[in-house]
Structures are given as structure tokens and as C-alpha cells.
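What follows is a short report on a single structure.
The values are calculated or read from the model by the stated rules, or taken from the named source; none is laboratory data. Given the structure is predicted, the values throughout are model-derived calculations rather than measurements. Neighbour counts are summed over all protein chains in view; Cβ atoms, including those assigned to glycine, are modelled from backbone coordinates with ideal geometry. Surface areas here come from the heavy atoms of the whole protein model, side chains and all, with no ligands, DNA or RNA. Shrake-Rupley method; radii C 1.70, N 1.55, O 1.52, S 1.80 Å.
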Amino acid sequence: MVADNGDEPDDDNNKLTLHVPETSHQISTDSWFQAGFVLTTGINSVFVLGYSGTIMVPLGWVGGVVGLLLATAISLYANMLVAKLHEFDGKRHIRYRDLAGQIYGREAYYITWALQYVNLFMINIGYLILGGSALKAFYVLFNEEHTLKLPHFIAIEGVVCILFAISTPHLSSLRIWLGCSTVLSLIYIIVACVLATKDGLNAPPRDYTIHWTSTTSRIFSTIGASANLVFAFNTGMLPEIQATVRQPAVKNMLKALYFQFSVGVVPMYAVTFIGYWAYGSSTATYLLNSATGPLWVKASANISAFLQSVIALHIFASPAYEYLDTKFGIIGSALKLQNIAFRILARGSYLTISTLVSAMLPFLGDFESLTGALSTFPLTFILANHMFLMAKKNKLSSLQQSWHWLNVGFFALMSVAATVTGIRLIIVDSKEYHIFADV
């Protein structure tokens, strides 16, 4: 099924004045519950094993807990704004850039496109690094010589992701894999919580002090952790997920968001807070590296984290796949030899480049910060508030308009500050570690 997005609107209304392509992927086929599981898969992906170290350690108990709660509330609010605009001007907008182009025009279409793909590319780099880290953690449990290093495992992760991308043609075909992802997530989250709780009960008093080498370091670390906060809750591809939902699309997507930000956040909160409670300021950026316990238990958690990262990466790579498939007219059966060959070439090339960048610069927390700064802040908060303001300005009171402008200004400042912080962190770590480092 394809989207009916080919009609060009009137220029008089300052709408999109370029052709919006239909899609080769399925739309309007999934229930709100499946969309909710897609969103929950993202929020409880293997990234949750890093939040104790990348959010709680630099912010501490007060800053971390309050920050996570605030990030949950403002992320739900911002995503609801975008969801409510899905049928703006009487048509479904199945891509983020389509919606922005309809509201602002041609330039916004391309700017949003660029921001979104930077966001998704950086998220995929994070999944490759974390998947490689999980596979390495599994390996060192059974091999004391440590012959293979992190870049080798990132390369293995990349190969597995390529095979999965070739065999899974589009987002809606993830149905059975979403169930597998849920089981895998529960395995590593439960194991991490149980092992951390055991370690915490048996350990001496922990140090929860926030350690900074200077005031400058304190400022940059706090801003970077704030970017990690918004990164934890947002996909940057909500319209693409909403496009798969059956009618009524807005009502069903709101149900999916309520599910994500209620039931869906509980496992993430649990593993983040328990991990920091157990290990304090010494918590590793990959929580299972701090945990102690039976070999087979840690092994099962690590291999589950590795496998789940493959499924989650496919979700965030799907807009790129949809663009390539639509651009080159890939239609018909996914098993056609021509379609398989195209997926091997196109998706294989995309993931090869991603894997190479991940192996060269495997600094996970830095990439979370930079992703939040460069794209999550603009896409999820700045653009969401401003698009809603432009689309609904005749129906908003002056107080409501002021509220949205306040959000736009605040998150614009945060985006600039977090971008500087993220770049600085990568530069600092690049000087401390060589490329293809075994961190």
C-alpha cells in the first residue's frame, strides 16, 4: 500500500511546492499496540545499559532523577504535538520532512531531512558501539588473552546488522522480531538489575560524589548529560512510525505514546537507578561491565544485549531504507532477486560506512551527547513546538503562543550549548585514545 502524498498543494497557502514521493513501504497496516512496542523497543534498547554511567554519574542523584522525570514529561508533550499534526491540512504526512515541508515550504523540507538523517545515523553508530561492547563483554568471559579488540566486535555487529537488514524489508515486517526484542530486553534488564542489587547489598558505602577536574569540566559534563537525557526518550522518526498505524492515526498514535511513556519507561528507570545505586560514581558506561555474578548469567545478558541492538538498529535505519527503496522504485515481493540484490548493495553500503565510523571513534557517551544536541533537540523540541505554533496559531491564545515560543528559545540555546559540548568531548577523547581504540 502506498501513501497518497503525490498531490501538490496550492502555492497561495505557502505549502510544499515540490513533489512528495509515494512510498515503497507499507503504511496504515499496524495497530497502536504494535507502534507502542516499536517505541518501547527504542526506549528500552541496549542503550539503557549506559544511562547509569552517562546520565547519573555526571548529574548525581538529584540532577539525574529530576532530569529523567522532566525529560519524560517534556518528551511526551513534544511527541504529542508532532502526532497531532500527522493529518495537517487534510492529508497524512508519512515522513518528518513531508510535514515540515507542508508547513514551511521547500527549504524546511530539505533541512528537516538533513537533521533527521544525522540523528538516525548517529543513533545507529551508538547501537553498533553498544552491540560491539556487549559482544566483547561476552567474549572476555571465556577468553583471558583478549586477542580480539572492540573494533573487531563492532565489525561483527555490522555484518549481523547487514544480514538482518537484507532479510527484513520494512518496518511493518518486524512484527515477530518485536516480540523477540521484548524478551531480549527483559533478559538483560532483569539480569542487570538483579546483579547490581546483589552487588549493592554486599558492597561498602558507595561514592556518589560528582567528580570534576575544573569548573569548565563541570559545565560541559552537565550540558552533555542533559543532551543524553533527551536522547533517551526520543526517536526523531515519529511520523514514520505513525505512518504504519491504522486509522484513526492520531488517536491510535497517542495511545502508543501513552504506552511508551508509562509502561515503557519503567524498565529503563529501574536499570538506570539500580545501577547507579549499586556502583555510584564508578559505574561503567556499559553497566554489565560493573556487575559481578555467575558466568552463564552475564553471558546470557550480554548476548541478549547484542542481539537486541541488531533489531533496534533496524528500526532507526528504516527511514534511510525507505528513502532508498522509494527513490529507486523497489516494489513487489521482497523475495524478488532484484529487490534482494538492491538491499544487499544499498543497505550493505550504508551499514558498512556506519560500522567503519563506529569502530574508528567508539566513544559512546560522546555520541549520545552530540546526537541529542545536533538533532534530537531541534527535531523533537524546537521543530515540534514551532510547527505546532505555525499550524495552529489562529487557534492558540497569546499565552499558549508565548509558551511555545519559550520552548523554542530555550531548546535552541540548549542545542547550541550541547553541540559545543559534544564536539569538545569527542575531540578530547580522540586525543586520549587513538582511532580504532579498544575502550
Legend entry - Added length on full extension, which subtracts the Cα-Cα distance from 0.36 nm per residue, PHE328 to ALA203: 39.2 nm
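As an exercise, use a Förster radius of 60 Å and the Cβ-Cβ distance of VAL159 and LEU399 to find the FRET efficiency, rounded to the nearest 0.05.
Using R0 = 60 Å, I get an efficiency of 0.65.
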Legend entry - Binned Cα-Cα distances of the chain, short to long, each 10 Å bin given as a whole percent: 4, 22, 33, 26, 12, 3, 0
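If I stretch the segment between LYS336 and VAL140 completely, what's the gain in nm (0.36 nm per residue apart, minus their alpha carbon distance), one decimal?
Additional length available on full extension: 66.5 nm.
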Legend entry - Burial order of peptide ranges 147-153, 33-39 (average beta-carbon count within 10 Å, highest first): 33-39, 147-153
Inset, instruction - Set the Förster radius R0 to 25 Å, insert the Cβ-Cβ distance between ARG218 and LEU69 as r into 1/(1 + (r/R0)^6), and round the FRET efficiency to 0.05. - result: 0.65
Legend entry - Acute angle (nearest 10 degrees) that the helix 398-432 long axis makes with the longest principal axis of the chain, alpha-carbon atoms: 40 degrees
Legend entry - Residue-level accessible surface for TYR117, protein heavy atoms, 1.4 Å, Å²: 40 Å²
Legend entry - 222 nm mean residue ellipticity, helices alone, for the chain (DSSP H n ≥ 4; -39,500 (n - 2.57); rounded to 500): -22500 deg cm²/dmol
Inset, instruction - With a 10 Å radius around each residue's Cβ, average the other Cβ atoms per peptide and rank 77-87, 303-313, 270-280, highest first. - result: 303-313, 270-280, 77-87
Inset, instruction - Would you work out the charge dipole size for the chain about its Cα centre, treating the Cβ of every Lys and Arg as +1 and the Cβ of every Asp and Glu as -1, and quote it to the nearest 20 debye? - result: 520 debye
Inset, instruction - Note the angle between two axes, namely the Cα long axis of helix 175-202 and the longest principal axis of the Cα atoms of the chain, as a number of degrees from 0 to 90, rounded to the nearest 10. - result: 30 degrees
Legend entry - Protection proxy ranking, peptides 201-208, 45-52, average beta carbon neighbours within 10 Å, highest first: 45-52, 201-208
Inset, instruction - Give the cross-link partners of LYS327 among the lysines, using a straight C-alpha distance below 25 Å as the criterion and excluding same-chain residues fewer than 8 apart. - result: LYS15, LYS91, LYS336
Legend entry - segment 205-276-segment 72-129 distance, computed between alpha-carbon centres (Å): 17 Å
Legend entry - Dipole magnitude of segment 37-114 about its Cα centre (Cβ charges: Lys, Arg +1; Asp, Glu -1), debye to nearest 20: 140 debye
Legend entry - On Cα atoms only, tilt of 266-279 relative to the major axis of the chain in degrees: 30 degrees
Legend entry - Among the listed pairs LYS136/LYS298; LYS136/LYS198; LYS255/LYS395; LYS84/LYS392, those beyond 19 Å (Cα-Cα): LYS136/LYS198; LYS255/LYS395
Inset, instruction - Have a look at SER300, VAL357, LEU148 and report the one farthest towards the positive end of the charge dipole of the chain, computed about the Cα centre with Cβ charges (Lys/Arg +1, Asp/Glu -1). - result: SER300
Inset, instruction - Two decimals is fine: what's Rg over Rh for segment 268-322, C-alpha atoms, Kirkwood radius as Rh? - result: 1.10
